[in-house]
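**Q** Dropping a structure here in structure tokens format, bear with me for questions.
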Amino acid sequence: IRSAELDLSQLVCRPEAPLYFRKGGMAAKLSPVSFEGVLAVRESNELLMQICNGIGPGKGLGCGLLSLARA
């Protein structure tokens, strides 16, 4: 999501345990991160598209999940 379409405040970023896996015979590693904060959305259609498609390159491995609640 482009930064011009949202505002983040009270952001907390926590690294999670790395994920090691093999893909196509090659060893690979993902370094997931958890973000917590307050998000103000200006373009709801863009956010909806991101929610439907997932976020980030690790979504096939359970990363890129997004939980939202009204504030």
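**Q** On average, how much area does the Cα convex hull of the chain cover when viewed from any direction, in nm²?
**A** 5.6 nm²
**Q** With angles folded into 0 to 90 degrees, how steeply does helix 44-53 sit against the dominant principal axis of the chain? Use alpha carbons for both and round to 10.
**A** Tilt of helix 44-53: around 20 degrees.
**Q** Test of understanding: what is the full-extension gain from residue 22 to residue 40, defined as 0.36 nm times their sequence separation minus their Cα-Cα distance?
**A** Gain on stretching residue 22 to residue 40: 2.7 nm.
**Q** Name the residues whose placed amide hydrogens come within less than 5 Å of the amide hydrogen of residue 63, ignoring near sequence neighbours (fewer than 5 apart) on the same chain.
**A** So residue 63 has HN proximity to no qualifying residue.
**Q** How large is the helix-only mean residue ellipticity at 222 nm for the chain, computed as the sum of -39500 (n - 2.57) over DSSP H runs with n ≥ 4, divided by its residue count, in deg cm²/dmol to the nearest 500?
**A** -4000 deg cm²/dmol
**Q** What does the extension gain come out to for residue 53 and residue 9, with contour length at 0.36 nm per residue minus their alpha carbon separation?
**A** The residue 53-residue 9 span can extend by a further 13.4 nm.
Rule-based calculations on the coordinates, nothing more; no lab input. Since this is a predicted model, take the numbers as computed values, not measurements.
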